[in-house]
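Below: the structure, in structure tokens.
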Amino acid sequence: MSDIDQYFKNSHYNIIRILLGISGLWPFHTRNRRYAIYLTMILVLGTGYIFQILGIVEVWHDSFELINAIPFLFFTTIALGKMICTVYTLPQIKVLLTRMREYRLSPKSNEETKIQNSHAQYGRKFGYAYTGFLLGHSVLYLLSSLSLKIFHTPSNETDELSDKESNYRIGLPHRANYIVDVDTYYVPIFIHSAICDFTCTYLLTVFDVLYLTVVEYCCGLFASLRYRLEIALVFNDDKLRTLKDKSYANIVYCIRRHAESMQFVSIVESVYSLSLLLHVGSFVLVISFLLYQVLNDLEVNANTVVRTTAYLNAVLFNVFFENWQGQKIIDSSEKVFESAYNTEWYNMPIATRKLLIIMMIKSEKPLMLKMGKVVLLSYITFNTVLRTSSSYFMLLRSL
């Protein structure tokens, strides 16, 4: 196991080793180390979740405050749910990481290695940028909450708007009931709330960066496969070829690589199917609530617009990101059929053509990632999420 850990440390995939290691989800760490991190996460997120539920119970009679509090409860619920799903699918994640290492060490042409490395480098750069984007938004949200408390001036008015002004809106990141006086214990309460929110954001970042990395790895597999298919008639490497007919040997090699790619995509879907269904499905309601909250803040309290907008931007980008990666799998896999068709099959022997036909039949239908084995991850689904969220938003406005 130390060899695998050392491989990822020295490869372009080091970012997932770091992120998974901090969150206790690196499958090659010892069980005691992972369990210790799990216990810490449960204590932090569990207590924060309880205080959020108490906060919602406190304003259950006030629909205005309830709508403002629900998105943050969903946020914590999604983070906890995805962590549980990831711990449950840790054996499959271990298989994915092991296969990534095995492919890197397997014999292949130099050009295929370059193609895979280019995709790995892109995944690493995008992973760092994505991590900075989400965590940066989290810090911006927390700082904007703190600034509201620093620059807040108590109002002497006793109208309805003043009565609705809550502690959460003047200094806490989200609605919560800590059963003590907020003004007296503001600093420890804010620190605990900030740690909970940042931990949730970090966990979602970890899951998404791993998702990005394995999807980009899949795209590299398909790109390498297409390269070998397109030059199957002329490619010759005595170190890789075991049959006399080079075109036949190349097609056999491509069929094996295509089968490995299909199996890898299937494992990725098994890892993310349930967690993405929970994630994207919940964010349909979160987006509608946040849209309502932003519009209401513009009319009532413009000071809180910055932090609400920061949260909304991060959610929208996150939903787009999930579907974008699914669309990349579709686009990359369907190009395999085009490359197989465009190769010089008419100059190949009959036996080679028969193998090529088998592969074309297998690749005619593009591979797809589905949420809950039902909903396809694609640009169409992202458009559906936006339209559905807009419909719920208009319903909230009418009520």
Measure nothing fancy, just the Cα-based angle from helix 186-230's long axis to the longest principal axis of the chain, in degrees from 0 to 90, nearest 10.
-> 20 degrees
How big is Rg to Rh over the chain, alpha-carbon atoms, Rh as the Kirkwood inverse-mean-distance radius?
-> 1.07
For Leu43 and Asp245, extending 7 Å from Cα along the Cα-Cβ vector and measuring point to point gives, in nm, a value of 6.7 nm
Output the direction-averaged projected area (hull surface divided by four) of the convex hull of the alpha-carbon atoms of the range 324-363, in nm².
-> 2.7 nm²
If you take the beta carbon distance between Leu399 and Leu54 as r and set R0 to 35 Å, what does 1/(1 + (r/R0)^6) give as a FRET efficiency, to the nearest 0.05?
-> 0.85
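What longest region of the chain stays clear of chymotrypsin sites (Phe, Trp or Tyr not before Pro) that DSSP places outside H, G, I, E and B and that have at most 15 other Cβ atoms within 10 Å? Show your work: numbers first, answer last.
Working: sites that count: Trp60, Phe151, Tyr185.
It works out to 186-399.
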Would you please name the GluC sites (Glu not before Pro) within the range 338-374 that are DSSP coil residues with at most 14 other C-beta atoms within 10 Å of their C-beta?
-> Glu344, Glu364
Which one of Ala36, Ala223, Ala351 has the biggest mean-square fluctuation once the chain is modelled by GNM with Cα springs under 10 Å?
-> Ala351
The range 52-64 - phi-based ³J(HN,Hα) in whole Hz, Karplus 6.51/-1.76/1.60, Gly and Pro as x = 5, 4, 4, x, 5, 4, 5, 10, 4, 7, 9, 5, 4
For Met100, Met360, Met394, write out the residues from largest to smallest accessible area, computed with a 1.4 angstrom probe and no ligands counted.
-> Met394, Met360, Met100
Considering the dipole of the chain built from charges on the beta carbon (Lys and Arg +1, Asp and Glu -1) around the Cα centre, which of Ser288, Leu377, Val336 is farthest to its positive end?
-> Val336
Phi-derived 3J(HN,Hα) across the range 371-377 with the Karplus relation (6.51, -1.76, 1.60, θ = phi - 60°), rounded Hz, x for Gly and Pro, is 8, x, 6, 10, 8, 7, 8
Give the accessible area for Ser390 in Å² (nearest 10); use a 1.4 Å probe, count only protein heavy atoms, and leave out ligands, DNA and RNA.
-> 50 Å²
For the chain, find the longest principal axis of its Cα atoms and tell me its angle to the long axis of helix 246-300, 0 to 90°, nearest 10.
-> 10 degrees
Determine ³J(HN,Hα), in whole Hz, for all residues of the range 333-343 in sequence, where each value follows from phi through the Karplus function 6.51 cos²θ - 1.76 cosθ + 1.60 and θ = phi - 60°; x replaces Gly and Pro.
-> 6, 6, 6, 5, 4, 5, 5, 5, 6, 7, 5
If amide H atoms are built 1.01 Å from N in the plane of the peptide, which residues on other chains or at least 5 residues away come under 5 Å of the amide H of Met371?
-> Leu376, Leu377
Most fluctuating of Asn32, Asn323, Asn383 in the GNM of the chain (C-alpha, under 10 Å) is Asn32
If you build a Gaussian network model of the chain, linking Cα atoms that sit under 10 Å apart, which residue out of Ala340, Ala259, Ala79 swings the most?
-> Ala259
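The values are calculated or read from the model by the stated rules, or taken from the named source; none is laboratory data. Note that the coordinates shown come from a computational prediction; the quantities given were computed from them, not determined experimentally. Glycine gets a Cβ as well: all are built from the backbone with ideal geometry, and neighbour counts include every protein chain shown. These area figures cover heavy atoms from the full protein model, side chains too; ligands, DNA and RNA do not enter into them. Shrake-Rupley method; radii C 1.70, N 1.55, O 1.52, S 1.80 Å.
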